[in-house]
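One structure below.
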Amino acid sequence: MKLEADRISYAYRRRGALSLRRVSLTVETGEIAFVLGANGSGKSTLLSLLAGMRHPAAGAVRLDGQLLDALTPRERAKRVGVVPQFHDPVFSFSVEETVALGRAPYVGLFSRPGREDKLAVERALDAVGLTALRRRPTTRLSGGERQLVWIARGLAQGAGCLLLDEPTAHLDPQHEHGLFAVVRRLAAGGAAFVVASHHPGSALLYATRVTFLKNGAMLSSGSPAETITGDVLREAYGMEFLVVTGSEGERAVVPRLRSASAASTGGSSRTGP
Amino acid sequence: MRPPRRRNVSLLLYALPVALAFVALLFGRYGGGVGEAFRSLFSSGTGDLLRSLIFHVRLPRTLAALVVGADLAAAGAVLQGLFRNPLVDSRILGVSSGAAFGACLAILVSGSAVAVQTGAFFFALIAVAIVLAVGWRLGATPLVLLLVGIAASALFDALLGLVKYVADPLSKLPAITYWLLGGLGGAQWSNLAPLLVLSTLGLGFLILARWRLNVLTLSDDEAASLGVRVRPLRVAVVVAASLLVATSVSQAGMIGWIGLVVPHIARAWVGPDHVRLVPASAALGAAILVVLDTVARTALPGEIPLGILTGLLGVPAFLILLVGYLRAKGAAR
C-alpha cells in the first residue's frame, strides 16, 4: 500500500486563493507520516484530498500508482479510511454498531452486514483492544476509547491506509501514548497512517516521517530528526522552540519562554542538557 | 438519547399491534359488549348485524389506524436519524402543512371525501417537491432541508390561514376545523387502497434499506469517506418518509406527536440501530394508534378527534422521556 500526493494544489473556491500549493507526501505500509503546521496551514485540507473527498486543482493523488479520483467512492473507501477530528454522536450507537458502519462499502443498499462483515468487525475490535467494550454506547466512552473506535471502523473498512485528523487533540498524555502505541502496532502489522497533529513532540516520538506545512505550502519534509529543528519550528509556528535531548537519548520540543527579542538573538536549536 | 437497552425486537413487539387490533375490533358503541362481539365474530350466521359492522366498519378503520401509526412513527424515526436531531418529527418537511392546505382547499371548493384525500396528497407532494428542488440546489445538507422545510411549512400554513379566512363560518369552517383535528372516522374499504399501497412502498423501502440509514446519522464527509453517496440516499429517504406522511395525513388528518414520541420509546427499547429501530417504531406506532383510535371512537357518546388524544398523551410522554434523557446525562437532579 502506497498513498502518494504528487505536487497537489487546491482552492476552496474557484479562482480563489490556494489553500494548498504543490504539496507532496508519500506514505507506505508500516509508516506513520505526521503532518504538522499551525492552525490554518492546510493540514485538514491535505487529509481530505488524500481521502479523495476533495479533488486537487493541480497535481495528483495516487494509490499504489493508480489515480485516486479514478476509483469509485466505494472502491476508494475499501482502501483509505478517515478518522475525523470531531465525532460527537447524537445517538448512542454501540461500539460494535459504530465499527460495523465501516462495512458500508461492502454491504448493498438493501442488505445488512453478513457473516464476513461480522468477522471483520470482530477482528477490528480485537486489533484495537476494544472487544470488552463492544456493547458500550460510544456516547459513554472516554476520548481515547472513542478514537480507537473510529480507528477500528477504518480497519473494518479494510483500509490499508488510515488518515487521522488531530487524534490526540483532547487526550491526556497517558491516553495519547496509549493511542499511538496502538497506531504503531497496527503500522507494524501492515497499515499506513497519516496523522495531522498540533504536537511536534508526538511526531518526534511516533512519526517515521514528517511534513511541515505553512500557509498551504511545504516548509520541510523528511525524517523527524531532519525536520523537527528549531529553525523549522520557528518558521512553522512563529515562535521559538528548543529541541532537547534527554539523558536516555529521548528528544523533546520545548517552547522558549524568554522574550521574543532575546530569543531571536539566542540559538534556535540546541541539544542538551 | 437515553442509554439504550438493546433488547432484541422480539416476536412480542410484532404480535402487539396485531393482538391489540383484534381486541379493538371487539370494542364499539353498537352491540352488547366485547363478549357478544367475540361470539358474533365466530358465528356462522350471515345476517348478523354486529358481525357485518365489525367487518365493514371497524376492520377498515382499525387497519387504517395500524398503518397510519406505523407510517408516522417510522417516518419520524427515520427523519430524526437523517436530521441527526432527536427533536425532529414527521411534520418537519412541510409535508403535513402542504397536506393540510390541500385538504382544506378541497373542503372549501368541493367537500367530497375523495377530493379531500386527493387534495391533501397532491399538495403534500408539492411541499416535498419544493423542499427537494430548493434544497438540492443548496447542497441538500440536513440543515438546508430543515430550513427549507420550515419555509415550506410556513408558506402552506399561511395559505391554510387564507382558506380558513374565506371559508363560510357556518358550513365550511367547522368542517375544516374538524378535519384538522385528525381522525380515522372516514376510513372505509373503498378509500383505503392509496394508503395501503403507498405505505407498503414507503415502509418497504425504509425497512429494506434500514441498515444503510445508520450511515445518514454521520456527517456528510464521514459518510462520503465510507464510500456512500449521501445526497441521493438522503433524497430517497426524504421521498419515502414524505410518502408515508402524505398518505397518512390524507387519510387521517393532522395527528401529531406519534412521529416524535414513538421513535423515542422505540429507541429506549431497542437502541438507535435502524435495523431494529425502524421495525420497532412502526410496530409500536401501529399499536399505540390502534389503542388511541379505539378510545377515540368508544370513550364518549360522540367521537373524540384523534389529534386531540395524541396531543394529550404525547405531551406527558414526551416530558417523561425528556426527564429520563436528562437523568441519563446527569443533568437533572
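Among the listed residues B:Val95, B:Val88, which satisfies the condition of being within 17 Å of B:Ala152 (Cα to Cα), within 14 Å of chain A (Cβ to nearest Cβ), in contact (Cβ under 8 Å) with a residue 12 or more places away in the chain and touching a helix residue (DSSP H, G or I) at 6+ places or on another chain (Cβ under 8 Å)? Please lay out each step first, then the result.
Values: B:Val95 fails: within 14 Å of chain A (Cβ to nearest Cβ).
Going through B:Val95, B:Val88 in turn, just one is within 17 Å of B:Ala152 (Cα to Cα), within 14 Å of chain A (Cβ to nearest Cβ), in contact (Cβ under 8 Å) with a residue 12 or more places away in the chain and touching a helix residue (DSSP H, G or I) at 6+ places or on another chain (Cβ under 8 Å): B:Val88.
Matching residues to (1) open to solvent by less than 60 Å² (accessible area, probe 1.4 Å); (2) more than 14 Å from chain B (Cβ to nearest Cβ); (3) within 13 Å of A:Ala156 (Cβ to Cβ):
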{"position": "A:Ala60", "(1), (2), (3)": "yes, yes, no"}
{"position": "A:Leu63", "(1), (2), (3)": "yes, no, no"}
{"position": "A:Pro73", "(1), (2), (3)": "yes, no, no"}
{"position": "A:Leu101", "(1), (2), (3)": "yes, no, yes"}
{"position": "A:Pro105", "(1), (2), (3)": "yes, no, yes"}
{"position": "A:Arg115", "(1), (2), (3)": "no, yes, no"}
{"position": "A:Ala120", "(1), (2), (3)": "yes, no, yes"}
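What are the residue pairs meeting all of these: first residue in region A:27-51, first residue within 14 Å of another protein chain (Cβ to nearest Cβ), second residue among the charged types (D, E, K, R) and part of a strand (DSSP E or B), Cβ atoms under 9 Å, and 6 or more apart or on different chains?
Short answer, once both residue conditions are applied: A:Ser44/A:Asp165; A:Leu47/A:Asp165; A:Ser48/A:Asp165.
Going by the structure shown, is A:Asp69 of a type in the set (Asp, Glu), more than 12 Å from every other protein chain (Cβ to nearest Cβ), surrounded by fewer than 24 Cβ atoms within 10 Å (Cβ to Cβ) and not in a strand (DSSP E or B)? Reasoning before the result, please.
Details: of a type in the set (Asp, Glu): yes; more than 12 Å from every other protein chain (Cβ to nearest Cβ): yes; surrounded by fewer than 24 Cβ atoms within 10 Å (Cβ to Cβ): yes; not in a strand (DSSP E or B): yes.
Here the answer is yes, as A:Asp69 does meet what is asked.
Identify, from the list B:Thr141, B:Thr177, B:Thr200, the residue that is modelled with pLDDT of 95 or more, open to solvent by 30 Å² or more (accessible area, probe 1.4 Å), at negative phi and polar (S, T, N, Q).
From the options B:Thr141, B:Thr177, B:Thr200, the qualifying one is B:Thr200.
Matching residues to (1) over 14 Å from B:Leu93 (Cα atoms); (2) among the hydroxyl-bearing types (Ser, Thr, Tyr):
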| site | (1), (2) |
| --- | --- |
| B:Gly111 | yes, no |
| B:Thr118 | yes, yes |
| B:Ala129 | no, no |
| B:Leu146 | no, no |
| B:Gly161 | yes, no |
| B:Tyr165 | yes, yes |
| B:Asp168 | yes, no |
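Does A:Gly30 qualify as being under 20 Å from A:Arg209 (Cβ atoms), part of a loop (DSSP other than H, G, I, E, B) and open to solvent by 30 Å² or more (accessible area, probe 1.4 Å)? Quick ask: steps written out before the conclusion?
Numbers: under 20 Å from A:Arg209 (Cβ atoms): yes; part of a loop (DSSP other than H, G, I, E, B): yes; open to solvent by 30 Å² or more (accessible area, probe 1.4 Å): yes.
Criteria met by A:Gly30.
Do we have A:Gly59 as within 21 Å of A:Gly190 (Cα to Cα) and assigned to a strand (DSSP E or B) here?
Numbers: within 21 Å of A:Gly190 (Cα to Cα): no; assigned to a strand (DSSP E or B): yes.
For A:Gly59, the condition - within 21 Å of A:Gly190 (Cα to Cα) and assigned to a strand (DSSP E or B) - is not met.
Anything in region A:81-97 that is within 20 Å of A:Ala120 (Cβ to Cβ), facing another protein chain (nearest Cβ under 8 Å) and either open to solvent by less than 30 Å² (accessible area, probe 1.4 Å) or touching a Pro at 6+ places or on another chain (Cβ under 8 Å) (or both)? List them, or say none.
Applying the first criterion (within 20 Å of A:Ala120 (Cβ to Cβ)) to region A:81-97 yields A:81-83, A:93-97.
Filter once more, so that each one left must be facing another protein chain (nearest Cβ under 8 Å): A:81-82, A:93-94, A:97.
Scanning region A:81-97 gives A:Gly81, A:Phe93, A:Ser94, A:Glu97.
Looking only at helices (runs of 4 or more DSSP H) that lie completely in region B:28-116, which have at least 1 residues being surrounded by fewer than 24 Cβ atoms within 10 Å (Cβ to Cβ) and polar (S, T, N, Q)?
Details: elements: B:34-41, B:49-53, B:59-82, B:95-109.
By residue number, B:34-41, B:49-53.
Give the number of residues within region A:123-143 that are outside any helix (DSSP H, G or I), open to solvent by less than 30 Å² (accessible area, probe 1.4 Å) and closer than 19 Å to A:Thr168 by Cβ.
Taking region A:123-143 first, the residues outside any helix (DSSP H, G or I) are A:129-130, A:134-137, A:141-142.
So of that shortlist, the ones also open to solvent by less than 30 Å² (accessible area, probe 1.4 Å) come out as A:130, A:137, A:141.
Filter again for closer than 19 Å to A:Thr168 by Cβ, leaving A:130, A:141.
Residues in region A:123-143 being outside any helix (DSSP H, G or I), open to solvent by less than 30 Å² (accessible area, probe 1.4 Å) and closer than 19 Å to A:Thr168 by Cβ: 2 in total.
I'd like to know if region B:237-249 contains one or more residues that are under 29 Å from A:His55 (Cα atoms) and within 14 Å of chain A (Cβ to nearest Cβ).
Looking only at region B:237-249, we keep the residues that are under 29 Å from A:His55 (Cα atoms), and these are B:237-238.
Checking which are within 14 Å of chain A (Cβ to nearest Cβ) leaves us with B:237.
Yes, that holds for at least one residue.
Which helices (runs of 4 or more DSSP H) does region B:190-232 wholly contain that include 2 or more residues that are among the polar types (S, T, N, Q) and either more than 7 Å from chain A (Cβ to nearest Cβ) or farther than 16 Å from B:Val78 by Cβ (or both)? Working first, answer last.
Working: elements: B:193-208, B:210-213, B:220-225.
Answer list for region B:190-232: B:193-208.
Evaluate the following for B:Arg267: is it farther than 16 Å from B:Pro86 by Cα and either of a type in the set (Lys, Arg) or surrounded by 24 or more Cβ atoms within 10 Å (Cβ to Cβ) (or both)?
Details: farther than 16 Å from B:Pro86 by Cα: no; either of a type in the set (Lys, Arg) or surrounded by 24 or more Cβ atoms within 10 Å (Cβ to Cβ) (or both): yes.
For B:Arg267, the condition - farther than 16 Å from B:Pro86 by Cα and either of a type in the set (Lys, Arg) or surrounded by 24 or more Cβ atoms within 10 Å (Cβ to Cβ) (or both) - is not met.
With respect to A:Ser111, determine if the residue is open to solvent by less than 30 Å² (accessible area, probe 1.4 Å) and not in a strand (DSSP E or B).
On the way: open to solvent by less than 30 Å² (accessible area, probe 1.4 Å): no; not in a strand (DSSP E or B): yes.
Judged against the criteria, A:Ser111 is not a match.
I want to confirm something. Restricting to region B:250-259 and keeping residues that are hydrophobic (A, V, I, L, M, F, W, C) and not in a loop (DSSP other than H, G, I, E, B), which single residue is nearest to the other protein chains (Cβ to nearest Cβ)? Show your work before the answer.
At the first step, the residues of region B:250-259 found to be hydrophobic (A, V, I, L, M, F, W, C) are B:252, B:254-255, B:257-258.
Subsequent filtering for residues that are not in a loop (DSSP other than H, G, I, E, B) retains B:252, B:258.
On the way: B:Ala252: 29, B:Ile258: 20 Å.
The qualifying residue nearest to the other protein chains (Cβ to nearest Cβ) is B:Ile258.
Quick one: which residue in B:Val262, B:Val275, B:Val291 is surrounded by 22 or more Cβ atoms within 10 Å (Cβ to Cβ) and either touching a strand residue (DSSP E or B) at 6+ places or on another chain (Cβ under 9 Å) or in contact (Cβ under 8 Å) with a residue 60 or more places away in the chain (or both)?
Numbers: B:Val275 fails: surrounded by 22 or more Cβ atoms within 10 Å (Cβ to Cβ); B:Val291 fails: surrounded by 22 or more Cβ atoms within 10 Å (Cβ to Cβ).
On inspection, the qualifying residue turns out to be B:Val262.
Return the residues of region A:144-154 that are open to solvent by less than 40 Å² (accessible area, probe 1.4 Å) and not polar (S, T, N, Q); say none if nothing qualifies.
Here is the first cut: in region A:144-154, the ones open to solvent by less than 40 Å² (accessible area, probe 1.4 Å) are A:144, A:147-154.
Passing the criteria: A:Gly144, A:Leu148, A:Val149, A:Trp150, A:Ile151, A:Ala152, A:Arg153, A:Gly154.
The values are calculated or read from the model by the stated rules, or taken from the named source; none is laboratory data. What you see is a predicted model; the values in this text were computed from it and never measured. Note that each Cβ is placed from the backbone with ideal geometry, even for glycine, and that neighbours are counted across all protein chains shown. When the accessible area is computed, the model is the full protein with side chains, heavy atoms only, and any ligands, DNA or RNA have been set aside. Shrake-Rupley method; radii C 1.70, N 1.55, O 1.52, S 1.80 Å.
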